[in-house]
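A short worksheet on the structure shown next.
The values are calculated or read from the model by the stated rules, or taken from the named source; none is laboratory data. Note that this is a predicted model, so its numbers are computed, not measured. Cβ placement follows ideal geometry from the backbone for every residue including glycine, while neighbour counts extend to all protein chains displayed. For the accessible areas, the whole protein counts, side chains as well, though only heavy atoms, and no ligand, DNA or RNA atoms are used. Shrake-Rupley method; radii C 1.70, N 1.55, O 1.52, S 1.80 Å.
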Amino acid sequence: MNTQFFSVSDPRDPALRTVGEILRRGGLAAIPTETVYGLAANALDDCAVRGIFRAKGRPADNPLIVHISDYSQWAPLVREIPAQAKQLADAFWPGPLTVILPKSDRVSSVVSGGLSTVAVRMPSHPVARAIIDTAGVPLAAPSANTSGKPSPTTAQHVKDDMDGKIDCIVDAGPCSVGVESTVLSLAGNKPRLLRPGGITPAMLERVLGSIDIDDAVFHQLAAGKTAASPGMKYKHYAPKAQVTILKGSLQQFCEYVDAHKTPDTLALCFAGEEALLPVPAIAFGNEADGKSQAANIFAALRDVDSRGAGQVFARFPQMDGVGLAVFNRLVRAAAFHIVEL
Ligand code: TXA
Ligand code: MG
């Protein structure tokens with residue numbers, strides 16, 4: 001398949017009409033959002049949605065997020081919109097929050113991965129919103145990476161994974177948040193955070209009162225346990241190299257790396273530390289600045305592969321605020337391998 005490229009900076013760009021047309025007739029389009037690039041298809045067209053799973057190599061039981069650009073598109077997708085869901089939408093939509101509710105019959109089991117619930121989000125990226133508008137249908141869109149690889153935060157990342165497999169890629173520059181949306185389930189008794197993201201637990205609790213945080217946010221799923229969010233049971237964000245997170249001071253980090261380095265060792269560090277390390281290093285944002293780490297972590301993980309690293313030692317990100325999302329992604333890239341110095 002010949003993949004078309006569109007470079008767009010203005011949501012009124014006429015090229016977006018072509019993208020809307022591609023989506024309406026059942027095609028696949030990689031689109032920018034404020035979090036990461038998404039691989040979109042008409043959420044109401046099972047045949048189109050199956051194409052997403054094929055292009056990504058995604059397991060069929062891992063459900064997709066449905067993207068809307070207007071509140072009126074939400075009610076038809078769910079059984080009802082409870083008060084808490086409304087409050088969340090008022091506070092955080094459009095933006096990087098996904099809300100899970102029991103699904104209506106209009107959402108097929110292809111989209112929901114066989115679950116009785118559906119995840120919905122209204123992105124804030126003006127180009128994403130314009131594409132949903134011109135398509136005129138809700139769009140199912142997972143991150144536009146090959147399953148298991150780090151999520152794409154630039155159109156070049158998407159091209160590296162999807163060229164020749166999808167109809168088009170819309171380039172609107174790098175994503176500002178850099179990690180995928182916060183996923184919150186309102187389908188159980190108490191609101192439950194399934195995936196941390198740009199909307200932090202503290203922000204959610206300001207609206208909802210206390211929430212539960214799913215165990216899988218911090219820990220590897222125990223063998224035989226069912227994941228609340230199927231995506232959490234799969235290998236994720238993993239570069240080819242073996243990644244180890246080192247918890248300690250910069251000096252302890254340098255000493256450990258020096259003692260354990262091999263010719264293909266690389267360090268993932270904070271900005272400004274590169275020159276102090278005994279091995280080549282890639283920075284993923286500023287120390288104690290979760291937002292800048294989120295914006296850079298996936299590009300850094302992709303760089304690790306392009307630089308041919310075999311062993312990677314990473315600095316431990318702070319776990320509060322958006323930092324929790326950075327930790328959650330990095331600890332999966334490291335297959336939960338953390339060494340306390
Ligand atoms: O920021 C984002 O959310 C990006 C952009 C493109 O919007 N999308 C994204 O989609 O990250 P994806 O498919 O890569 O991640 C969706 C996650 C998966 O872990 C999936 O298992 C979970 O959300 N999920 C989706 N629907 C669910 C449901 N009904 N119940 C539980 N988990 C669900
Ligand atoms: Mg993904």
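Suppose every K and R has +1 on its Cβ and every D and E has -1 on its Cβ; what is the size of the dipole of segment 42-119 about the Cα centre, in Debye to the nearest 20? Walk me through the intermediate numbers first.
Working: 8 positive and 7 negative charges, 49 e Å.
The dipole magnitude comes to about 240 debye.
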**Q.** Gained length - residue 287 relative to residue 271, 0.36 nm times residue gap less alpha-carbon distance
**A.** 5.0 nm
Q.
Quick check on segment 242-340: what are the equivalent-ellipsoid semi-axes from the Cα gyration tensor, as sqrt(5λ), descending, whole Å?
A. 19, 14, 13
Q | Amide N of segment 147-178 lying under 17 Å from the label point, which is placed 7 angstrom from the Cα of residue 7 along Cα→Cβ | A | 154-160, 169-175
Q: Starting from the Cα of residue 149, draw a straight line to each of the lysines and keep only those under 19 Å, dropping any in the same chain fewer than 8 residues away.
A: 56, 159, 165, 233, 235, 240
Q | Residue-normalised accessible area of the chain, given per residue in Å² at a 1.4 Å probe | A | 41
Q. What is the P(r) of the chain, as percent of Cα-Cα pairs per 20 Å bin from 0?
A. 32, 57, 11
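With a sphere of radius 15 Å drawn around the Cβ of residue 107, what net charge do the other residues whose Cβ falls strictly inside it have (Lys, Arg +1; Asp, Glu -1)?
On the way: positive: 50, 79, 103, 106, 121; negative: 45, 46, 80, 105.
Its environment carries a net charge of +1.
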Q. So, in nm, how far is label residue 202 from label residue 247 when the simple model puts each one 7 Å beyond its Cα toward the Cβ?
A. 2.0
Q) For the chain, which whole-number percentage of the solvent-accessible area (1.4 Å probe, protein heavy atoms only) is attributable to carbon and sulfur atoms? A) 49
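Residue separation times 0.36 nm, minus the C-alpha to C-alpha distance between residue 105 and residue 70: what's the value? Could the numbers behind the result be given before it?
On the way: separation 35, 0.36 × 35 = 12.60 nm, distance 1.99 nm.
Net length gain for the segment: 10.6 nm.
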(Q) Above 17 Å lies some portion of the pair distances; for segment 1-101, what is it as a whole percent of all C-alpha pairs? (A) 60
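Above 16 angstrom, tally the Cα pairs of segment 54-128 and express them as a % of all pairs, no decimals. Kindly include the intermediate steps, with their values, before the conclusion.
Values: 1371 of 2775 pairs.
Value for segment 54-128 (Cα pairs over 16 Å): 49 percent.
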Q: Report, in debye and to the nearest 20, how large the dipole of segment 242-340 comes out about its Cα centre when Lys and Arg carry +1 and Asp and Glu carry -1 on their Cβ.
A: 300
Q.
Once R0 is set to 25 Å, what does the formula 1/(1 + (r/R0)^6) return for the Cβ-Cβ distance between residue 219 and residue 256, expressed as a FRET efficiency to the nearest 0.05?
A. 0.60
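Under a point-charge model restricted to the Cβ atoms of Lys and Arg (+1) and Asp and Glu (-1), what is the dipole moment magnitude of the chain relative to its Cα centre, in debye to the nearest 20? Intermediate values should be presented prior to the final figure.
Details: 33 positive and 33 negative charges, 174 e Å.
Computed about the Cα centre, the dipole is about 840 debye.
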Q. DSSP beta bridges in the chain, what fraction antiparallel, as a percent rounded to 5?
A. 35
Q: Let me have the 222 nm mean residue ellipticity of the chain computed from DSSP H runs of 4+ only, each contributing -39500 (n - 2.57), with the sum over all residues rounded to the nearest 500.
A: -8500 deg cm²/dmol
**Q.** Translational diffusion of segment 220-259, µm² s⁻¹ [Kirkwood Rh, Cα pairs; Stokes-Einstein; 25 °C; 0.890 mPa s]
**A.** 186
